[in-house]
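Every number in this text was worked out from the coordinates using simple rules, so none of it is lab data. Predicted, not measured: the structure shown is a model, and the values here were computed from it. Positions of Cβ are generated from backbone atoms using ideal geometry, with glycine treated the same way; all protein chains shown enter the neighbour counts.
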Amino acid sequence: MKILNKIDLHLHIDGSAKPETVYEITHKYGIEPECNMTLEEITRSMVVADGEYDPDFLTFQPPLRAMQTAEGLSRITEELVDQLEKDGLIYAELRFAPQYHLEKGMSQEDAVLAAIDGLEKGLAKCKTLKAGLILCAMNHCDPMDNHDANIETVHLAKKYLGKGVVGVDLAGYEERMPEYADIFELAKTLGVPATTHSEFTVADALKYGTTRIGHGYQAALVPELTEEVISKGVTLEMCPDSSLSSDYGLYGDERHPLFVLFHKGGRVTVNTDNMTVLKTNLEFEYDLCRKMGFTDEDIVKMNNYAIRACFADEETKKALLAVQPL
């Protein structure tokens, strides 16, 4: 059975770029080293091989090099929207870090405008999909390394909130996460919805008052955190294939944090993370859920959690809930 009305709240644009597009852009503009590589070689460089792990995010470098111009960033965003419509999604939040697209002269604002351009072009062709952008601030382990860039990212999220942008995120490494608290304080002050990548730093994320947490595996492993996440109604953006492809020692059965938290009453959702890097899509993620023991009714329920937790406006949420069977 195919699940209708799919939702994806945790999806990286760069990690979901088409290798064919990266090949075309890098060869057109002589971007090294990809301009000297075949399509097959570029594809391999963008995908995590089975049984391997990419702690240094090397698979993201080829698409990032192709996304240093407004043309490249807009096109790759538009193509991702096209693919999500084909995959049967009714809502998605696409995230990227504007500060990672400045090597060819763009400003962060230029990058945001390019992504909005691609988003709007893609959505103009869609019959059912609605989508928005999440701007990622980045954790470099040293908060002063990119403090000003992160503050600018949050201000840009405020400036374009409701104009293509729906929220902000803190991505990257989790080390020294408490030192990035000002990112969340500023977002709260400006009224910008916020989420954060927090695989094993859930306790820190909860201190920031975020209503959503990316991944959040620790919440299933520490009883006190399990209770707090559930009691506060925090929604976890979990990515089954991503978690099993990482070096975390998680099991793809009833012991997985997604399954554990769901059956304890937690608000968990199913997402792809990086479609190209992991060779995944939502249907594949749902199959992994079924192998854990989830029913299709459970998956639909998790999609309802996703709608209620999404950063869209209330009118959009009501429209999305109206087409869900539960």
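Once the range 127-170 is narrowed to residues that are of a type in the set (D, E, K, R) and touching a Gly at 6+ places or on another chain (Cβ under 9 Å), the residue that is nearest to residue 191 (Cα to Cα) is 158.
Right, residue 265: surrounded by fewer than 22 Cβ atoms within 10 Å (Cβ to Cβ), among the small types (Gly, Ala, Ser), part of a loop (DSSP other than H, G, I, E, B) and without any contact (Cβ under 8 Å) to a residue 40 or more places away in the chain or not? So residue 265 fits the description; yes. Out of all the residues in the range 42-65, is one or more among the charged types (D, E, K, R), touching a residue at least 24 places away in the same chain (Cβ under 8 Å) and part of a helix (DSSP H, G or I)? Within the range 42-65, one or more residues are among the charged types (D, E, K, R), touching a residue at least 24 places away in the same chain (Cβ under 8 Å) and part of a helix (DSSP H, G or I). Answer yes if at least one residue in the range 59-78 is out of contact with any Leu (no Cβ under 9 Å at 6 or more places or on another chain) and surrounded by fewer than 16 Cβ atoms within 10 Å (Cβ to Cβ), and no otherwise. Within the range 59-78, one or more residues are out of contact with any Leu (no Cβ under 9 Å at 6 or more places or on another chain) and surrounded by fewer than 16 Cβ atoms within 10 Å (Cβ to Cβ). Filtering 207, 188, 232 for residues that are under 18 Å from residue 153 (Cβ atoms), out of contact with any Lys or Arg (no Cβ under 8 Å at 6 or more places or on another chain) and of a type in the set (Lys, Arg) leaves a single hit, 188.
Which residues, counting only those in the range 207-219, are touching a strand residue (DSSP E or B) at 6+ places or on another chain (Cβ under 8 Å) and either under 17 Å from residue 181 (Cβ atoms) or in a strand (DSSP E or B) (or both)? 208, 210, 211, 212, 213, 214, 215 - these are the residues of the range 207-219 that are touching a strand residue (DSSP E or B) at 6+ places or on another chain (Cβ under 8 Å) and either under 17 Å from residue 181 (Cβ atoms) or in a strand (DSSP E or B) (or both). Taking (1) buried (at least 18 other Cβ atoms within 10 Å of the Cβ); (2) without any contact (Cβ under 8 Å) to a residue 40 or more places away in the chain; (3) not hydroxyl-bearing (Ser, Thr, Tyr) in turn, residue 137 satisfies each apart from (2).
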